[in-house]
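Chemist: The structure follows.
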Amino acid sequence: MKKVSRRTFLKWGVAAGAVAVAAPYVMMNKNNMFTSTLTEMAGAPALFDVLVIGSGGSGMRAALEAGRQKDLKVALMTKLVPTRSATCMAQGGINGALRHADARDSIEKHAFDTVKGSDYLGDQDAIRFFAEKAPEALRELDYYGVAFDRMQDGRMAQRNLGGHTYARSAYSADQSGLVILHTLFEQCLKNNVNMLMEWQLLELVVEDGKLCGVVAMNMHSGKILPVMARTVVVATGGYGRLYWVRTTNPFSSTGDGIGACLKVGIPVKDPEMVQFHPTGLAGSGVLLSEAARGEGGYLVNKDGERFMRRYAPDKMELGPRDLVSQAIETEIREGRGVGEGLHAAVYLDLRHLGKKKIMQKLPQLRQLALNYEGVDAITQPIPIRGTCHYSMGGIDVVDYKTCATAIPGVFAVGECSCLSVHGANRLGGNSLAEVVVFGKYAGNGAAAYARNNAFDGNQTALDRAADEWEQRFAAVSSRSSGSTVPSIRDRMAATMWQNVGIFRSRTRLEQAVRNIDELLEEYRSCVVRDTTRIYNTAFMNYVELGNMLPLARMVAMAALARQESRGSHFREDYPRRNDQKFLQHTIVTRKGAEYSLTYRPVAITDYQAEERKY
Amino acid sequence: MPTMTFTIRRFVEAKSFSRDYSFEYMAGNTVLDGLIFIKEKLDPSLAFTASCRNGVCGACALRVNGQAVLACETAIESLAARYHSARLTIAPLGNFTVLRDLVVDWQPKLDRMKQVKPWLIPQDAFSADTGCRQSQTDFDKIRGYTDCILCGACVSECSKLAADSADFLEPFAFVKAQKYVADSRDDAPLKHLDPAIQAGLWRCMHCEECTAKCPKSLDPAEDIAKLRVMAFKKAMVNSAGAQHAQAFYEDINDIGRLNEAKLAIRTDGIMKSLTRVGLAYRLMKVDKLDPFHLPEPIKNISKVQKILKAAKEADKS
Ligand SMILES: Cc1cc2nc3c(=O)[nH]c(=O)nc-3n(C[C@H](O)[C@H](O)[C@H](O)COP(=O)(O)OP(=O)(O)OC[C@H]3O[C@@H](n4cnc5c(N)ncnc54)[C@H](O)[C@@H]3O)c2cc1C
Ligand code: SF4
Ligand code: SF4
Ligand code: FES
């Protein structure tokens, strides 16, 4: 008899086993939570009590909170598979004054650090609430199963992140966001939260100030559908992709929810407040963590000079993020960088650290440079440049305890919103905390609203909006001449980076506004070149660009109006902070092609603005 | 700059076809960069998904020359070198339903995963107000499992799913089950383990394709083995699989090698073995199974028995 390999033998066993043991097998899909065809099958559109848009940490937390209330009809709509959100990319940690690592910490100190970090543009009442609720939000995550690193006594460990007086960031190795997002997803599964996954929000529909619902495209079928909702919680993430290749954000961070809110008259708050990180890979904007400089990496220009000695002679490479980002830009601008256009760069040089140290302390960083630049940090310097990292601005929330916006029934939470907790500058670890703290309150706020208010949206208006999208799809997808979506997008990103980036000035910003207005015009006749319905990502990208362009216009416009430098917003022509005039939130409203700008005072409760020194 | 040709398996609204796309690439360009170039410059109708573009979101898994990879983490240069070729075949993940081109349907997969209760069932001592307690040692036991990004690479070449997916879950589902079986905060390992057994724990074929393909260095095959050990420990020896393993043990103990003909009978009992006669007949026809061959004990059987005994002792202590 021939020898039979173990693998082959077992294959037979299983094949035979399949025959023998098919009977006792449990039924699958008994409780199907993915109601992709839900509104299509029912004939008439479904009415949701709470419809959450976006499945990052904030959306999942909100859906969980509302979804637990079994008498309510709740759904979570998201344009990708739920776990693909930006939240999974967060590495550092999530803040809360738990006082595990340092008993000197307190709610007050977390609040104060956040206020100071925000360069005093944060609303102090919201920040206070945030700091107060953060510890309980963390304990709750622990109870949900987030695998946090531990202290000796078994409680969550905490580490120190930049701008915080004490170690208050709970973490899970260097993948805190991934672990939190997946745990929240598991909780959603547990609680049978309905998921409309791979549905792209196209539009919020509001008629006579009353919410009717949303129009969305089911990517699986390609159908454009009206979805009625008593409340909508917008949780669609940030707008880092305005800078396209020069951002750490995922492809999905295109500000869709903000675009949808703008269209129905909900304003955007502080859109000019965009945070930049100094070390993004030159080609892709992928984040290289601060550890690279922390471990002693050098920043050098094309002549091999450690240029930080001209900008921060004491701290050198360890200067604050904004200063380092500005120094890198100056080098490139003055011709001491390498490469061209959006991919120009300086070098992060780790070679002197030696192979052993690089492999021990920075293995992931080396891998990133290998993967995305084809550069081995042990033998070559890594081309890097500043990269857009976080959107402080967002949908204007008027009540931080419920995350309500100006339109009844519409709520906003997470990076797409502006409460404002981060003001002009977000501190590390505060975003994940914001997402879970306010996710819960947004979910509750929406649920309470849905309970107390009958649906009085106009179904005809909703259907009409869906029809209009239908026509738009037909017209745009079949158009054969015009600029392509990527070409317009790349020019938008270039003007944003060059004129609304790390350095800003009147002339540059005016140039940006002009450029974007032209691009907005060009967009009206651009081409998609894909007429099919099922999973048409070309059309999806077209919709995303349609959300980004007006937003880009607003960022430039608000930056132009803010004639001061504060937090992440640096004006070369106004290098000082001006509390007299600008201790105020920018509020931008859009009506068709008209944009108007006003200001609203910052909520100051405990701390008077003072100079921010570290 | 070198040129690469992607032969992409397309599937658009029920039409299947292949198309070639050629482009120039440089060091540091990934498969995802190639796809993006194709979509933006050559053919906007090509569909694929990607989000983080640095290996954490799991959106971009697909097959290159039949092997599952993350498109965003795989350099074109290294593939060209590995396959000595300037042409690569790009296809969607295997063992998934294709929605369009390189996009596969995750809905049924995530629904199925629910069977193993992939969530913490916390002990009574913990609460949402107080959080949990866990030693760093116990935390270290679960930390590897949290690396899973639900990319589906482990599913693509799974031999068991390819043979029959009706009675077997995706490898990552077993990782999830094991994650909570191993979590010291969890109150009820059996609540994850029992459904894992129901969902095919003993039907895995040990081909280890899942482990070989996981881009995040998880080891689903090993986790399946761990769950099986757990099943034994919990004395759930009634299932077919556990009996199969017991039969393995007895054979090794008695004769030092497997008696394949006897194995089926011992595992499932005479009645069930009869249902396998068809298979046995087919195996005999291709000369794979000799029913008249009753193996002799091997020469050093006493040594084998000693080893087994020692292992048993070690397990007890
Ligand atoms: C590289 C990186 C590292 C970071 N590190 C940290 C850190 O260490 N600590 C910290 O606190 N913060 C960190 N942040 C920031 C933090 O991760 C994010 O701010 C936060 O996760 C945002 O969560 P969110 O729920 O608001 O949105 P996201 O996680 O961005 O989710 C948005 C969701 O909306 C969906 N969506 C978007 N548009 C639509 C549409 N049209 N229709 C339907 N769905 C849509 C998306 O698919 C997605 O599911 C980091 C961010 C990045 C990029
Ligand atoms: S070892 Fe088991 S689970 Fe893994 S691929 Fe093979 S059959 Fe599938
Ligand atoms: S186990 Fe590995 S291959 Fe499978 S889904 Fe998780 S990360 Fe992907
Ligand atoms: S794009 Fe996120 S893993 Fe590849």
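The values are calculated or read from the model by the stated rules, or taken from the named source; none is laboratory data. What you see is a predicted model, and the numbers here were worked out from it, not measured in a lab. Cβ placement follows ideal geometry from the backbone for every residue including glycine, while neighbour counts extend to all protein chains displayed. The accessibility values were calculated without ligands, DNA or RNA, using every heavy atom of the protein model including side chains. Shrake-Rupley method; radii C 1.70, N 1.55, O 1.52, S 1.80 Å.
Chemist: Go through segment B:193-226 residue by residue and tally those that are small (Gly, Ala, Ser) and more than 15 Å from ligand 3 (Cβ to nearest atom).
Modeler: Within segment B:193-226, residues that are small (Gly, Ala, Ser) and more than 15 Å from ligand 3 (Cβ to nearest atom) number 2.
Chemist: Evaluate the following for A:GLU108: is it part of a helix (DSSP H, G or I), more than 13 Å from chain B (Cβ to nearest Cβ) and not aromatic (Phe, Trp, Tyr)?
Modeler: Judged against the criteria, A:GLU108 is a match.
Chemist: While we're on this one: What residue, among those in segment B:134-157 that are part of a loop (DSSP other than H, G, I, E, B) and open to solvent by less than 10 Å² (accessible area, probe 1.4 Å), is farthest from the other protein chains (Cβ to nearest Cβ)?
Modeler: Among those residues, the one meeting the criterion is B:GLY152.
Chemist: Go over the candidates A:LYS223, A:LYS210, A:LYS263 one by one and state the one that is touching a helix residue (DSSP H, G or I) at 6+ places or on another chain (Cβ under 7 Å), touching a residue at least 12 places away in the same chain (Cβ under 8 Å) and open to solvent by 20 Å² or more (accessible area, probe 1.4 Å).
Modeler: A:LYS223
Chemist: So, one more: For segment B:70-128: of the residues being without any contact (Cβ under 8 Å) to a residue 24 or more places away in the chain, more than 7 Å from every other protein chain (Cβ to nearest Cβ) and outside any helix (DSSP H, G or I), which is surrounded by the most Cβ atoms within 10 Å (Cβ to Cβ)?
Modeler: Result: B:ASP105.
Chemist: Continuing with the same structure: List pairs: first in segment B:36-52 and open to solvent by less than 40 Å² (accessible area, probe 1.4 Å) and outside any loop (DSSP other than H, G, I, E, B), second hydrophobic (A, V, I, L, M, F, W, C) and modelled with pLDDT of 95 or more, Cβ under 7 Å, 6+ apart or cross-chain?
Modeler: Pairs that qualify, where the first residue is open to solvent by less than 40 Å² (accessible area, probe 1.4 Å) and outside any loop (DSSP other than H, G, I, E, B) and the partner is hydrophobic (A, V, I, L, M, F, W, C) and modelled with pLDDT of 95 or more, are B:ILE38/B:PHE6; B:ILE38/B:PHE23; B:ILE38/B:LEU46; B:LYS39/B:LEU46.
Chemist: So B:VAL31 passes all but one of these: (1) within 14 Å of ligand 4 (Cβ to nearest atom); (2) within 16 Å of B:SER85 (Cβ to Cβ); (3) surrounded by fewer than 23 Cβ atoms within 10 Å (Cβ to Cβ). Which condition number does it fail?
Modeler: All conditions are met except number (3).
Chemist: Another question about this same structure. What are the residues in segment A:471-488 that are within 21 Å of A:LEU204 (Cα to Cα) and surrounded by 14 or more Cβ atoms within 10 Å (Cβ to Cβ), if any?
Modeler: Hits for segment A:471-488 are A:ARG472, A:PHE473, A:VAL476.
Chemist: Separate question: Tell me yes or no: at least one residue of segment A:121-142 is facing chain B (nearest Cβ under 8 Å) and among the basic types (Lys, Arg).
Modeler: Within segment A:121-142, one or more residues are facing chain B (nearest Cβ under 8 Å) and among the basic types (Lys, Arg).
Residue-by-condition table, conditions (1) surrounded by fewer than 23 Cβ atoms within 10 Å (Cβ to Cβ); (2) within 30 Å of A:ARG491 (Cβ to Cβ); (3) in contact (Cβ under 8 Å) with a residue 40 or more places away in the chain:
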position	(1), (2), (3)
A:GLN158	no, no, yes
A:THR165	yes, no, yes
A:GLY177	no, no, yes
A:LEU184	no, no, yes
A:LEU202	no, yes, yes
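Chemist: Give me the residue from segment B:158-171 that is open to solvent by less than 30 Å² (accessible area, probe 1.4 Å) and more than 7 Å from every other protein chain (Cβ to nearest Cβ) and, out of that set, farthest from ligand 3 (Cβ to nearest atom).
Modeler: B:PHE168
Chemist: Turning to a different aspect of this structure: When the residues of segment A:402-461 are narrowed to those that are open to solvent by 10 Å² or more (accessible area, probe 1.4 Å), of a type in the set (D, E, K, R) and within 19 Å of the chain's Cα centre (by Cα), which ends up farthest from ligand 4 (Cβ to nearest atom)?
Modeler: A:LYS440
Chemist: Read through the list (1) modelled with pLDDT of 95 or more; (2) within 26 Å of A:MET89 (Cα to Cα), then give the number of the only condition that A:ASN301 fails.
Modeler: It fails just one condition, (2).
Chemist: Do we have any residue at all in segment B:229-250 that's within 12 Å of ligand 2 (Cβ to nearest atom) and either among the hydrophobic types (A, V, I, L, M, F, W, C) or modelled with pLDDT of 90 or more (or both)?
Modeler: Taking every residue of segment B:229-250 in turn, none turns out to be within 12 Å of ligand 2 (Cβ to nearest atom) and either among the hydrophobic types (A, V, I, L, M, F, W, C) or modelled with pLDDT of 90 or more (or both).
Chemist: So if I check each of B:ASP147, B:ASP183, B:ASP194, B:ASP187, which one is over 16 Å from B:ASP111 (Cβ atoms), more than 9 Å from the chain's Cα centre (by Cα) and without any contact (Cβ under 8 Å) to a residue 60 or more places away in the chain? Break it down into steps so the answer makes sense when it comes.
Modeler: Details: B:ASP147 fails: without any contact (Cβ under 8 Å) to a residue 60 or more places away in the chain; B:ASP183 fails: without any contact (Cβ under 8 Å) to a residue 60 or more places away in the chain; B:ASP187 fails: without any contact (Cβ under 8 Å) to a residue 60 or more places away in the chain.
The unique qualifying residue is B:ASP194.
Chemist: Of the numbered conditions (1) over 20 Å from A:GLY546 (Cα atoms); (2) away from every other protein chain (no Cβ under 12 Å); (3) open to solvent by less than 10 Å² (accessible area, probe 1.4 Å); (4) within 18 Å of the chain's Cα centre (by Cα), A:PHE276 fails exactly one; give the number of that condition.
Modeler: Every listed condition holds for A:PHE276 apart from (3).
Chemist: Another question, if that's okay. If you take the residues of segment A:358-376 that are in a loop (DSSP other than H, G, I, E, B) and within 13 Å of another protein chain (Cβ to nearest Cβ), which of them is modelled with the lowest pLDDT?
Modeler: My answer is A:GLY374.
Chemist: Same structure again: Could we say that B:CYS214 is away from chain A (no Cβ under 12 Å), under 9 Å from the mean Cα position of the chain (by Cα) and within 16 Å of ligand 4 (Cβ to nearest atom) here? Walk me through it before giving the result.
Modeler: Values: away from chain A (no Cβ under 12 Å): yes; under 9 Å from the mean Cα position of the chain (by Cα): yes; within 16 Å of ligand 4 (Cβ to nearest atom): yes.
When the stated conditions are applied, B:CYS214 passes them.
Chemist: Kindly establish whether A:GLY285 is within 14 Å of chain B (Cβ to nearest Cβ), assigned to a strand (DSSP E or B), within 15 Å of ligand 1 (Cβ to nearest atom) and crowded, with 18+ Cβ neighbours inside 10 Å.
Modeler: no
Chemist: Of the conditions (1) open to solvent by 10 Å² or more (accessible area, probe 1.4 Å); (2) away from every other protein chain (no Cβ under 14 Å); (3) in contact with a Lys or Arg (Cβ under 7 Å, 6 or more places away or on another chain), A:MET557 satisfies every one except a single condition; which number is it?
Modeler: (3)
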